[in-house]
Amino acid sequence: MITEAVRRLKDGELVAFPTETVYGLGADAKNSLAIEKIYATKGRPSTHPLIVHIAAPSAVTTNQQLSPETCANEWLQVLTPWVRDLPPAALQLICAFWPGPLTLVFKKDKHVLDAITGGQSTVAIRSPNHLVAQTLLQQFGGALVAPSANRFGKVSPTRAADVCAEFGDQAEIMVLDGGDCELGIESTIVDLSSSDGLRLLRPGSITPAAIYAKTGLRVDSINTASELSLSPRVSGSFKAHYAPNTPLYLYQADHLMVSLEKLATQLLEKNHPGKLRVAIGIWQGAKSVSTLAADAALSSIQLEFFTLPNEHTSFANGLYRSLRDLDQQQNDAIFLPEPPYGEIWDGVRDRLQRAAFGSGPSSANQVNS
Ligand code: TXA
Ligand code: MG
């Protein structure tokens, strides 16, 4: 399978492959026509840059005990064709976290194609920690650009079947099946290209606290108090992304009832035919909410409860899978609880808020609670 995938990539075709985060839609990073196919297939604006995926040096993958100098030298060789300026912090981060779910943004080498970077002066690079992805990259012998293998703005795929569902009508896309992705949300992105220090561009499994603990480097985090506010009232300030077709609402534990009643009223005003079907995620071990179902105000709603893991890695692992499965179940709405405060939940919170904002056939899901 990998041999066939390599042949296709060399022919300028697209191959979807698993990583530890989500499935990527890969193309030869040196082939502008193949890169154009990615934008066309995803329906992605050409100004939205792509991540370059590189193979880990074999000395790194076969020998865990490399000295920091040897490790840095090994990575330096694979990065040199892509990066103009490699600050010392970069090599510290790379030796601590690569291969792994950390994407780094560098000033780009002049040979990096504009098609990858959207004409910007920077390039994003990562080395995925997944055997199939690494084997593919090694055997291909070059770098692959790989956005998440979904149509632009939609839920990222974490199973091969999700990729097939997304692009099933396009037989020319080969999909390598590596089972379920371990982490379930996209890599953390840290920008190293600015003189103002390291900046977190996208939260993920590797948090600024984890980076500090391993390297002593400080990454400026997104301001959780304002930009990542938990209130659904500000969801209009977030871009739509990772979105299911079914309207998704985030609820505060104490306001579930109020939010449901508002939804029921809104939909009744729109003369929704028959009983509404609403899927509601509740935290594992949370107080029973079955009494809700008996509430007279909600008699027009059929409530389907399901439990969610309290632990952030398990939640992230199942998040996109659940959103995709729930989308198949003909629900009129999905309700998920807002995640707890705290940096370890930032990746999940970011995805949920964007998903809620972009969900549904229109933006009709802004329940003000
Ligand atoms: O986990 C991941 O990163 C997955 C797997 C497949 O590796 N890939 C992924 O790619 O999430 P994509 O294209 O769905 O998201 C890439 C993000 C976009 O938000 C893009 O704006 C950002 O990376 N990005 C790419 N190049 C950049 C650059 N030069 N500067 C700033 N952001 C960049
Ligand atoms: Mg994506």
Sorted by chain and number, the residues with a modelled amide H under 5 Å from that of residue 251, at a separation of 5 or more or across chains, are 336, 338
Taking amide H positions as placed 1.01 Å from N in the peptide plane, with prolines and chain starts having none, which residues 5 or more places from residue 143, or on another chain, fall under 5 Å of its amide H? 29
GNM of the chain, Cα pairs under 10 angstrom: of 204, 24, 285, the biggest fluctuation goes to 285
Choice from 21, 80, 103 showing the highest fluctuation, given a GNM over the chain with Cα pairs closer than 10 Å: 80
Would you mind checking which residues have amide H under 5 Å from residue 154's amide H? H placed 1.01 Å from N; only 5 or more apart, or other chain. 242, 243
Can you tell me which of 202, 277, 321 moves the most in a GNM of the chain? Springs connect C-alpha atoms under 10 Å apart. 277
Cut-off 13 Å, label 7 Å out along Cα→Cβ of residue 84, residues of region 121-151 by amide N: 121-123
Which entries in 154/270; 107/214; 154/214; 214/287 show an alpha-carbon gap greater than 29 Å? 154/214; 214/287
Quick one: if you stick a label point 7 Å off each Cα along the C-beta vector at residue 11 and residue 305, how many nm between them? 5.4 nm
Quick check: residue separation of residue 270 and residue 46 times 0.36 nm, minus the Cα distance between them. What number comes out in nm? 76.9 nm
How high is the FRET efficiency between residue 284 and residue 328 when r is their beta carbon distance and R₀ equals 30 Å, given to the nearest 0.05? 0.85
Cys residues of the chain counted as unpaired, since no other Cys beta-carbon is under 4.7 Å: 164, 181
Gyration tensor on Cα atoms of region 59-171, a ≥ b ≥ c root eigenvalues, a/c under 1.5 rounded, else prolate if a/b beats b/c, else oblate, says oblate
Averaged per residue, what accessible area in Å² does the chain show with a 1.4 Å probe, protein chains only? 44 Å²
log₁₀ of I(q)/I(0) at q = 0.12, 0.14, 0.15 Å⁻¹ - the chain, Debye sum with one point per alpha carbon: -0.91, -1.17, -1.30
With everything on Cα atoms, drop me the angle between helix 346-358 and the longest principal axis of the chain, reported from 0 to 90° to the nearest 10. 60 degrees
At q = 0.16, 0.19, 0.23 Å⁻¹, what log₁₀ I(q)/I(0) does a Debye calculation on the Cα points of region 164-227 give, no solvent, two decimals? -0.70, -0.80, -0.98
Dividing the mean separation of Cα pairs under 8 Å (6+ apart) by the residue count of region 248-365 yields a relative contact order in percent of 40 percent
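The values are calculated or read from the model by the stated rules, or taken from the named source; none is laboratory data. Remember, predicted model here, so these are calculated numbers, not experimental data. Cβ sites come from the backbone with ideal geometry, for glycine too, and all protein chains shown count toward neighbours. To get the accessible areas, we keep the full protein, side chains included, count just its heavy atoms, and leave off ligands, DNA and RNA. Shrake-Rupley method; radii C 1.70, N 1.55, O 1.52, S 1.80 Å.
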